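Input: a single structure, listed below in structure tokens.
The values are calculated or read from the model by the stated rules, or taken from the named source; none is laboratory data. Here the structure is a predicted model, which means the values were calculated and not measured. Neighbour counts are summed over all protein chains in view; Cβ atoms, including those assigned to glycine, are modelled from backbone coordinates with ideal geometry. Side chains are part of the model used for accessible areas, which takes the heavy atoms of the whole protein and leaves out ligands, DNA and RNA. Shrake-Rupley method; radii C 1.70, N 1.55, O 1.52, S 1.80 Å.
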Amino acid sequence: TYTGAGGRDLKGTKDAPKNLRTGPQVKDQSFDHPPNRALQLSCETRKPVRVIRGYKLPSIYAPESGYRYDGLYVVERAWMEPGLNENGYKVVKYAFKRLPDQPPIPERHPDEDGQDAGEDETEAVDDATSNRTSPPPSSAADEEGVEDESEPELETK
């Protein structure tokens, strides 16, 4: 599953001012937020999204550096549920499924302790609207890289 965008305090935090990824959740997310609407539209039309996977968070699926195209995914389902934030603000969720007949996703080797590298960060380009957002690998869960409800970096073409 992927957690949607929006609902954050755009001022960031004392330690990370204007960092939209770490600002506290201050309201419910909405399907009206452009990246969330784009993924909801992809769910309705079954038009695939392109996944671009980022290096920033530790993951067996993340490239060592930069970004990598990791294939096409269909948004199977979109819904809202209470988030992990302390006030229970609602967050938008999406279930992604990787399309068949694609090359396997390269995996990073476990770290020196033999542990997996952790969660992952990805970026997707929605073919329906050309908005970017962050979906998970195959069927793995991705709470935007970590379970703290961090918001993905968003860009519009």
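Couplings for the stretch 96-102, taken from phi via the Karplus curve 6.51 cos²θ - 1.76 cosθ + 1.60 with θ = phi - 60°, read 9, 9, 6, 5, x, 6, 10 Hz in order; Gly and Pro are left as x. Extension gain, Glu76 to Lys11, is 20.1 nm, computed as 0.36 nm per intervening residue step minus the present C-alpha separation. Quote the FRET efficiency, to the nearest 0.05, computed for Val26 versus Glu64 with a Förster distance R0 of 30 Å and r equal to the Cβ-Cβ distance. The formula returns an efficiency of 0.30 here.
Using a 1.4 angstrom probe, figure out how much accessible area the stretch 41-88 has per residue, in square angstrom, rounded to the nearest whole. Working shown, then result.
Working: 2630 Å² over 48 residues.
So the stretch 41-88 comes to 55 Å² accessible per residue, rounded to a whole number.
Amide H contacts of Phe96 (H built 1.01 Å from N, in plane; Pro and chain starts excluded): Tyr2, Glu76 sit under 5 Å, all sequence-distant by 5 or more or on other chains.
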